[in-house]
Amino acid sequence: MFDYIVVGSGFAGSVIAERIANILNKKVLIIEKRSHIGGNCYDYKTKEGIIVHRYGPHLFHTNYKDVFEYLSNFTDWQLYHHKVLAFIEGKKVPIPFNFNSIEMLFPHILAERLINKLLSKYSYCSKVPILELKKEDDKDLKFLADFIYEKVFKNYTAKQWNKRPEEIDPEVTARVPIFIGRDNRYFNDKYQAVPVEGYTKIFERMLFHPNIKLMLNTDFREVIKIDLGTKKIFFFEQEFKGKVIFTGMIDELFEYKFGKLPYRSLDLKFETLETEYFQEVATVNYPNDYDFTRITEFKHIHPIKVNKTVILREYPKDYNPEKDIPYYPVFTEENRELYFKYKELAEKFENLILVGRLAEYRYYDMDDVVKRALEVFEENIR
Ligand code: FAD
Ligand code: UDP
């Protein structure tokens, strides 16, 4: 009946299904646990017309021309440069921390000295991860590094990961480096935009195809069985010989054989306010105050003239498999090792392919996932 089965309809699963349907002209079944497509990129319009990202703010940014061009087949774009402020010592300062942030927080003479010191060490417009800046032994730079570490990273990271910055993969805090210059944008990538009609429309256009069948509200475990002995995959009790592309949690796929991989989850609290705007920019981070990490106001991302606004507060927490969504793999050495055990096992299955943030246990952004899915299609499926 089907040549391929895809588990999950986020970007990983949807890109692969779309390629199979259009390029190979083969039949594909997508099995999706949620009641909608799009995974964590799903968005919707409120009755006021405000586009809201159901699973947290999603900003598209990439340096991959091929990814931008591929997605442009399914959407028009609206130019959008994401801006983030962090509430520090009573002021809202630009993040990534940059010269403007320094000038807002320190007296003029000190600010000038800190900026000159940075410029004597690093080239203009370069980016310095906080854990690198912390290694400086110059007195001024050390003072600055300690300040940024304490006020921007330490408590935010404690809330988000329940860990100190040194306890997680350095790439995590390096996502938001100190910027040697005055660019207040959160990202510097060449392509930065949001889909004019939102992300869900992209998925609809990818998946509305006669070769694609979608089973929503279905946990793959209801219909697929993995035989760890014979390394065969069964669909409704019958051996499935076509390829299975799996984009869910790898530990769940193998019934936690080697133990559970840790994930962090979020409580997302949305609020509709009877006011035109709530805050100055799309996202304000609160590293040192409150239990939430940040507030996002969606009207800044998808502008619309209405006198209401929707905001979202994100409260990080540990993932509970009974009721939560596993938003973030927890990137530590130990967890990576556990992941590799699962990956090794997966490789013993001839017709199983793992793609995506959960299946590969990686901190993939949307563009990384699309890039990866396009590569996997070319290398392992086509
Ligand atoms: P997912 O989108 O998670 O899709 C996996 C799909 O598999 C889901 O639909 C899920 O329901 C389904 N599934 C899981 N288990 C089962 C099962 N047992 N049975 C059936 N189906 C199952 N990226 C950016 O580029 N920019 C951003 O600004 C950005 N912001 C983010 C903010 C937050 C709060 C989060 C959590 C992520 C953000 N991302 C952002 C990352 C982005 O969400 C991911 O890169 C992308 O969603 C990964 O796609 P995926 O297909 O791998 O995973
Ligand atoms: N981070 C921080 N303070 C901030 C912003 C980010 O400590 O104000 C750290 C924190 O550890 C966070 C990581 O940098 O998890 C990556 O931030 P990013 O904004 O990329 O996280 P995401 O949007 O993926 O949740």
In debye, nearest 20: dipole of the stretch 90-179 around its Cα centre with unit charges on the Cβ of K, R (+) and D, E (-)? 260
Looking at this model, which pairs from 47/299; 341/371; 154/317; 163/269 are more than 19 angstrom apart at the alpha-carbon? 341/371; 163/269
Say each of residue 110 and residue 347 gets a label point 7 Å from the Cα, pointing the same way as Cα to Cβ; how far apart are those two points in nm? 5.3
For the chain, what is the charge dipole size about the Cα centre, in debye to the nearest 20, if Lys and Arg each add +1 at the Cβ and Asp and Glu each add -1 at the Cβ? 320
When every alpha-carbon pair in the stretch 263-375 is counted, what percent end up more than 23 Å apart? 50
So for R0 = 41 Å, FRET eff. of residue 232-residue 132 from the Cβ-Cβ r, to 0.05, ends up at 0.30
Would you mind calculating the relative contact order of the stretch 90-179 from Cα pairs under 8 angstrom and at least 6 residues apart, reporting the percent as a whole number? 36
Roughly how many debye, to the nearest 20, is the charge dipole of the stretch 285-382 about its Cα centre, given +1 on each Lys and Arg Cβ, -1 on each Asp and Glu Cβ, and no other charges? 560
Options 188, 29, 124, ranked by Cα towards positive dipole end of the chain, top entry (Cβ charges): 29
In whole Å and largest first, what semi-axes does the C-alpha gyration tensor of the chain yield when each eigenvalue is scaled by 5 and square-rooted? 39, 24, 19
Which order do 313, 205 fall in if you start with the one that has the fewest other Cβ atoms within 10 Å? 205, 313
Compactness ratio of the stretch 90-179: Cα Rg over 2.2 N^0.38 Å, N = residue count? 1.05
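Just so you know, all these numbers are worked out from the coordinates, no wet-lab data involved. What you are looking at is a predicted structure, and each value in this text was computed from that prediction instead of being measured. Please note: Cβ atoms are built from the backbone with ideal geometry, for glycine as well, and neighbour counts cover all protein chains shown.
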